[in-house]
Structure formats: C-alpha cells, structure tokens
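Working notes, structure below.
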Amino acid sequence: MSPSAQTGTITTHVPARLDRLPWSRFHRRVVIGLGGVWILDGLEVTMVGNVSSRLTEKGSGIALNAAQIGVAAAFYIAGACLGALFFGHLTDRFGRRNLFILTLAVYLIATVATAFAFAPWYFFIARFFTGSGIGGEYAAINSAIDELIPARVRGRVDLIINGTYWLGSAAGAAGALVLLDTSNFPANIGWRLAFGIGAIFGIFVLLVRRNVPESPRWLFIHGRDREAERIVGEIEGDVRRETGQPLPEPQGSPLKIRQRQSISFQEIARVAFTLYPRRAVLGLALFIGQAFLYNGVTFNLGTLLSGFYGVPSGKVPLFFIVWALSNFAGPLLLGRMFDTVGRKPMISLTYIGSAVVAVVLAVLFVTQAGGVWTFIVVLAVAFFLASAGASAAYLTVSEIFPMETRALAIAFFYAVGTAIGGITGPLLFGQLISSGQRGQVVWSFLIGAVVMAVAGLIELWLGVAAEQRPLEELALPLTVADAEREEEAAGAPDQRGEDASGAIH
C-alpha cells in the first residue's frame, strides 16, 4: 500500500461495541432495508422462469424459443458477474452505503426496460443490465450485513436474509398466476406487468434503505473515525432507550489501525489469493456448486414442466410457489444450527444432502414415476437443503477475508463461481430441454448433484469454524498496525495468513 494513502493511526473499540449489542430495532431496520434486495432477486429470476413458457408462445409480443430462454438467463448471469466485480471494487473503495443505493437504482431502470422488450436482442440486453445491478447488490449488501450484525447471530441472520430471495420467488410466482391468466390480461401484456412488480417493490426498498447508515468498520479504516464513532454512539443510544438497560462493556483488546483513504486493487488481490489460497479454493467450490444447480433449474423449470409434464403455462407459477417456499424454509429452519452446530458440519451436510436427493430426483424424472407432484415434492426436499448451503456460500466468503477486501472477495467468488456454474447450468439445461428427451435432460440433474457433492467434500476439508467469532478474529484487517509489524519481523508467521487447516494464527 502506498504510504501517501495513509491518513493516521488510531485505536478503536468499534467492532467490539457493535458485536456486544443486543438485538434491536436498528438490526431489524438493517434486515429489512438490506435484505429486501434478495426479494427483488427472487422476483427477477423466478419471473423469467414463470413467464418463460408464455414468451415461447405465439402472441406474446416477443418470439423466443426454449434455447433462447437459456441464453437470456446466461445474459442475466453474465451481467450479475461483471456487475459484482465492478461494483464490488467500488464498494470497498467508496463505501457500502453509496453502492447499495447506486446498484439498486441500476436494477430499477433495467427491470423497467425489460417490460418494454420487443425482440430477443433487446430482451437479452435488458436482462444483462438487470443482472449487473443485482450482482453489485450481492457485494455491497452482504458486506454491510456482516459488518453491522453481532457475531453471535451473524450466521442465522445472514442465511435468513439471503433466504428471503425465495419469498420474492413465491410472491413473483403468485403474481404471475394472475398476470399470466389471459382472462385477466392479454398474452402480450401480462408478462410485461410481471416485471413491473419488481420495480415497484424496489422503490419501497430504496426508501427504507435510506435510513441504513454506512458501515462504521468501513469508515474507521478509511480515515473517517469520528463519523464511525458518531454512528456507533447513535446506535448505542437507540438500543439503550429501547431496552432501558445499560450496555455491557466491549470484550477483547482494541484494534490499532493504520487508516487508508484507498487501498489498491493489487493489494486486495494479493491478500485474497496469496495469504488465503485454501480459502480461495473453498469459496470457488461453494459458489460453483450452488450456481450450477440453482441457475440451471430456476431459469428453465417453467419450460421443463410444460414440455415434459404438460403443465399449462398459466399453471406453472403454482408449482413455483411450492418450490420457492421450501427454499425459504431451509435457511429459516436450519439457520440457527449454523451458529450452534457450526459452519463446517452444516454446510457439508446441506451440500452433500442436496446432491443425494438430486440423484433420486433424476431417477424419478427419467422413469416418469409419480407424476409432476412427486417430482416437485422431491425437488423441494433437494432445495430445502441446497438453499441453506447456497446462502452459507455468501456468508462464508464474507467472513473469512479481511474487511478491506470483503466486498470484492464476495464479488470475485460470486462472479467466477457463477460464471462457471451459473452460465453453463442454464445453457446446458436449456439445450437439453430443447432435445425433448428425458434421457438427455437427466444428465443435467446428475451433473448438478456431482458438483454439489464435490463442494460439500471440499467444505469438509477446508471449511473454517467461523460461528460466533468476531470478523476481526477470523481475518485481521490489512491495516492493523500490530499485524503489519509481526509480518515484517524476521521469521515471524503472518497472523493474517492460514495454516494447513485454514485456521487463523
């Protein structure tokens, strides 16, 4: 890091003061204001899955086939990957709050543009920019959530917030039942209104989000320690008034920080991939596994149900609702166990367990046993487990890298993992569904199962026991003066690095 970027050295108790706070209205406001984006993402992704059958029908106003639905999904994911990288770097440089406002605005404009699609190329471009806004949200929001939520409940809160994606999914499916009913709206209008739902909800989230402060952890790193102290003081005052009780003393030693106005991309990359190579492998495995299975199924479930089970396009959303609610139930019911049983056993269980159920699903699909409702029930069981694991992928990457790299680390692993799994999944599913042969489509489920199982095994090997531990204990900030002095000491181990088990020294 350039010495010219240094603004001063401070000692701070801000992280410990935030972690010792009892649950309060402030934390609920954070959950609503920041967690709302996953409802938006659920609306977006599921909306395409719900309307996909309608978009392939005559009279829809846009001529798409099943393969082009997969292409549209790939454009959305590509936009999300590039948006995550671009906005993720800006989030670490300019702050969490600035970027979670900007990225939401990008999403709003692009989703409104999608409603006016008139040709495949226009639809693809609109989906790309919608995805870029959502991808930027992933980095800005996950980093802000983990820096504002107390360590003792960080796991369950993060999983539930990420799981609210599926509430949006269920809401989008329910709305599509009405909007795709041609007795209510013409075939070329209903699906356009469906995209408008996301924009309306996004405006509500934007209004709530304006009351969420900048991360005090980010502020004190970037030379704005007085503002960080003021924000934490205001939060503490609100909590004391709400509870009527004095706050406990902060635990642990204060951090000695060398502040920086900016931190170079090269320094961030060096830390993420030189000091923490095992954690890098872990992050990639978790994201690739969940991205392939999730995006492959989500973007193509509508065409799969219509093409192989004869479900009318107007009835597809009913099956989506059942599936989506099972996905929300996973993080909701299992989330607490990620803080009590532990990250490593629970992440491994959810990944490997969903892989086993996906194999059962493949057998049911290829043998046509039980019909469409049996297929949906088994699919729901697989994703009850997979959804908790997928949410934990974001939590894991957010926790195990230094604060200065947090947003970009989320962005990088999301982007690379999703580029590999999230683009190939929809394209593969779309192409195999177009074949019209169950024996071809079944390979998508089996490949998804293998990828998830491998990710679960890698978690068993490289996973980090992050439950109920302060973020600064899991990975010291790059600007901690004591850590820098120890790194410079001859022969001294770098306490920011990892040993053979991936644990911090």
Stokes-Einstein D for the range 183-223 at 10 °C, 1.306 mPa s, Kirkwood Rh over Cα pairs, in µm²/s? 119 µm²/s
Loop trypsin sites (Lys or Arg not before Pro), the range 135-223, which have at most 16 other Cβ atoms in a 10 Å radius of their Cβ (DSSP): Arg210
Between (1) 24.6, 81; (2) 21.9, 69; (3) 22.7, 77, which matches Rg and Dmax of the Cα atoms in Å calculated for the structure shown? (3)
Working out 0.36 nm times the residue gap between Asn188 and Phe94, then minus their Cα-Cα distance, what length gain in nm do you get to one decimal? 29.6 nm
Counting only complete DSSP H runs, which helices of the chain cover 18 Å or more along their long axis at the Cα atoms and score a mean Kyte-Doolittle of -0.5 or above? 25-55, 66-94, 96-114, 120-148, 165-179, 190-209, 277-309, 316-340, 343-367, 371-399, 406-435, 438-462
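Report the calculated FRET efficiency for Val450 and Gln251 (r = Cβ-Cβ distance, R0 = 51 Å), to the nearest 0.05.
Working: r = 44 Å, r/R0 = 0.86.
For R0 = 51 Å, the calculated efficiency reads 0.70.
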The range 328-389: which chymotrypsin sites (Phe, Trp or Tyr not before Pro) are DSSP loop and have at most 10 other beta-carbon atoms within 10 angstrom? none
Summing -39500 (n - 2.57) over every DSSP H run of at least 4 in the chain, dividing by its residue total and rounding to the nearest 500, the 222 nm mean residue ellipticity is -25000 deg cm²/dmol
At what distance in angstrom do the alpha carbon centres of the range 395-455 and the range 69-147 lie from each other? 18 Å
Extended-chain gain in nm, criterion 0.36 nm per residue less alpha-carbon gap, Phe116 and Gln468: 122.0 nm
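Please order Leu108, Leu408, Leu457, Leu305 by the number of other Cβ within 10 Å, starting at the fewest.
Fewest-to-most ranking of Leu108, Leu408, Leu457, Leu305: Leu457, Leu108, Leu305, Leu408.
Can you give me the Kirkwood hydrodynamic radius for the range 62-126, using every pair of distinct Cα atoms, in Å to one decimal?
Numbers: mean 1/r = 0.0766 Å⁻¹.
The answer is 13.0 Å.
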Report the label-to-label distance for Ile101 and Arg240 in nanometres (one decimal), using points 7 Å from each Cα along the Cα→Cβ vector. 2.9 nm
Any chance you could get the radius of gyration and Dmax over the Cα atoms of the range 125-211, in Å? 16.2, 51
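Bear in mind that the values in this text are calculations on the coordinates, not laboratory data. Keep in mind the model is a prediction, meaning the values are calculated, not measured. Note that each Cβ is placed from the backbone with ideal geometry, even for glycine, and that neighbours are counted across all protein chains shown.
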